[in-house]
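Colleague: This is the structure I have questions about; it appears just below.
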Amino acid sequence: MLDYKLLEALTAVVEEGGFERAARRLNITQSAVSQRVRLLETTLGQPVLARTQPPSPTSAGTMLLRHARRVELLEAELGCEVQEATQAKGWRTLAVGINADSLATWFVAAVLPLVAQEGITFDVKSDDQERTQDLLRKGEVAGCVSTRETAIQGCRAVFLGVMRYHCACTPEFAERWFPAGLDLGAARLAPAVVFNRHDTVHDRFLSARLGESPLQAPRHHVPDSLRFVDFVLGGAGYGMIPHMQAIPPLAEGRLVDLAPGDALPVRLFWHCWNLESPLLDTLTRALLQSSRTELIQGQT
């Protein structure tokens, strides 16, 4: 049977990004943290951490982290049940991976009621919607919003809805760079705003619309959903903006849609551990309820 103090040390080192900060979190010495990690490796007969900067889990370490976080969730729920039976108030922490555009639009309103009603503190880890599932696979989160439809082993997936993206820019930008409309020649010259180097939304749209996406065209990389829109509104470039963020400036004339009626649909799914967990079930229901009103429900 695993010693959970050893797993606790491994988790702290990975989450805090080093042995020194892990020691402060656990209120023990750095040497004690190192000893616990070494003892865990001795017990398993293989390394659980790559001594990089910051330390990263090996494949065995990743499996242990995933197991440790599942146990933490179940123990937190058990503790809450005991506290409820004695009318004491308890809090449970839930780590989730949310794509940046959902975090900037509909996710927060969906989960805020759970904070007070269920006593949940959220540890939100944000990434591109095509990479959040990697957080779940590594055991860093209990659930994630992702574009990937297939559930990974030990997890379940449910369809949330479709988020539409508009190819938009300011009227002045359109007049300067796209005087004849959105065409391949202009796209090869016009500066674009892209979320990050892993984001494929921009390239998918241009490839579908124009036959290719000019990779040599100038690009701003702005990995923040709100500042992304600010860049487009400021005339720095054109970019793919989620429907909920695009509608107000489009209606006010501060932005124009370069491809009216041709928004890019991106299907979103909620993935979470396949556990008998009332907490995960409650969160799943809240997300589904919110997505029914905030996202398009057809399998576009």
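The values are calculated or read from the model by the stated rules, or taken from the named source; none is laboratory data. Keep in mind it's a predicted model, so treat the numbers as computed, not measured. Positions of Cβ are backbone-derived with ideal geometry, glycine not excepted, and every protein chain shown enters the neighbour counts. Just so you know, the surface numbers come from the protein's heavy atoms only, side chains and all, with ligands and any DNA or RNA stripped out. Shrake-Rupley method; radii C 1.70, N 1.55, O 1.52, S 1.80 Å.
Colleague: Which helices, counted as full DSSP H runs in the chain, have an axial Cα extent of no less than 18 Å and a Kyte-Doolittle average of 1.6 or above?
Modeller: Working: long enough: 30-44 (22 Å, -0.06); 59-85 (40 Å, -0.04); 278-294 (24 Å, -0.24).
Membrane-span-like by this rule: not one helix.
Colleague: How many Å² of accessible area per residue for the range 1-87, probe 1.4 Å?
Modeller: On the way: 5130 Å² over 87 residues.
On a per-residue basis, 59 Å².
Colleague: When the chain is treated as a GNM, springs tying every alpha-carbon pair under 10 Å, which of CYS155, CYS272, CYS169 comes out with the largest mean-square fluctuation?
Modeller: CYS155
Colleague: Two-decimal Rg/Rh of the range 257-300 from alpha-carbon positions, Kirkwood Rh? Working shown, then result.
Modeller: On the way: Rg = 14.6 Å, Rh = 12.8 Å.
The Rg/Rh ratio comes out at 1.14.
Colleague: Another one. In whole Å, largest first, what are the principal axis extents of the Cα atoms in the range 77-227?
Modeller: Principal extents (largest minus smallest coordinate, Cα): 70, 34, 23 Å.
Colleague: Report, in debye and to the nearest 20, how large the dipole of the range 137-275 comes out about its Cα centre when Lys and Arg carry +1 and Asp and Glu carry -1 on their Cβ.
Modeller: Working: 14 positive and 13 negative charges, 104 e Å.
Here the range 137-275 has a charge dipole of around 500 debye.
Colleague: How much net charge surrounds PRO223 when only other residues with a Cβ under 14 Å from its Cβ are counted (Lys, Arg +1; Asp, Glu -1)? Spell out each step's value before the answer.
Modeller: Numbers: positive: LYS125, ARG131, ARG197, ARG219, ARG227; negative: ASP101, ASP127, ASP128, GLU130, ASP199, ASP224, ASP230.
Computed value for this residue: -2.
Colleague: Now, a different point. Between the range 197-251 and the range 1-73, how many Å separate their Cα centres?
Modeller: A separation of 40 Å, based on Cα centres.
Colleague: With the chain treated as a Gaussian network of Cα nodes joined by springs under 10 Å, which of ARG197, ARG70, ARG156 yields the largest mean-square fluctuation?
Modeller: It is ARG197.
Colleague: Across 5 Å bins from 0, what is the distribution of all Cα-Cα pair distances for the range 165-300, in whole percents?
Modeller: 2, 9, 18, 20, 18, 12, 8, 6, 4, 2, 1, 0
Colleague: Can you pull out the GluC sites (Glu not before Pro) in the range 173-265 whose DSSP state is coil and whose Cβ has at most 13 other Cβ atoms within 10 Å?
Modeller: Numbers: sites: GLU175, GLU212, GLU252; in loops: GLU212.
Of the GluC sites (Glu not before Pro), the ones in loops of the range 173-265 whose Cβ has at most 13 other Cβ atoms within 10 Å are GLU212.
Colleague: If you take the charge dipole of the chain about its Cα centre, with +1 on Lys and Arg Cβ and -1 on Asp and Glu Cβ, which of LEU233, GLN153, ALA217 is farthest toward its positive end?
Modeller: Ranked along the dipole, the leading option is GLN153.
Colleague: For the chain, what's the radius of gyration and Dmax over Cα atoms, in angstrom?
Modeller: Considering the chain through its Cα atoms, Rg and Dmax are 22.5, 70 Å.
Colleague: Based on the Cα gyration tensor of the range 1-87, what are the three equivalent ellipsoid semi-axes, each the root of five times an eigenvalue, rounded to whole Å and given largest first?
Modeller: Taking √(5λ) for each eigenvalue gives 25, 15, 11 Å, largest first.
Colleague: In the neighborhood of TYR165, defined by Cβ-to-Cβ distances under 14 Å, what is the net charge if each Lys or Arg adds +1 and each Asp or Glu adds -1?
Modeller: Numbers: positive: ARG164, ARG204, ARG209, ARG267; negative: ASP101, ASP128, GLU130, ASP199, ASP203, ASP257, ASP262.
Around TYR165, the charge tally is -3.
Colleague: On to the next question. Of all DSSP beta bridges located in the range 91-300, what percent are antiparallel, nearest 5? Before the final figure, lay out each step's value.
Modeller: Details: 21 of 36 bridges.
Counting only bridges with both partners in the range 91-300, antiparallel ones make up about 60 percent.
Colleague: Explain nothing, just the number: relative contact order of the chain, from Cα pairs under 8 Å at least 6 residues apart, as a whole percent. Intermediate results must be reported in sequence, preceding the final value.
Modeller: Numbers: 487 pairs, mean separation 60.2, N = 300.
After rounding, I find 20 percent.
Colleague: How much accessible area per residue does the range 91-300 have, counting only protein heavy atoms and a probe of 1.4 Å, in square angstrom? Before the final figure, lay out each step's value.
Modeller: Details: 9310 Å² over 210 residues.
Averaged over the residues of the range 91-300, the accessible area is 44 Å².
Colleague: Show me 126-139, 225-238, 253-266 ranked by packing, highest mean number of other Cβ atoms within 10 Å first. List each step's numbers first, then the result.
Modeller: Working: 126-139: 20.9, 225-238: 18.2, 253-266: 16.5.
For the peptides 126-139, 225-238, 253-266, the packing ranking is 126-139, 225-238, 253-266.
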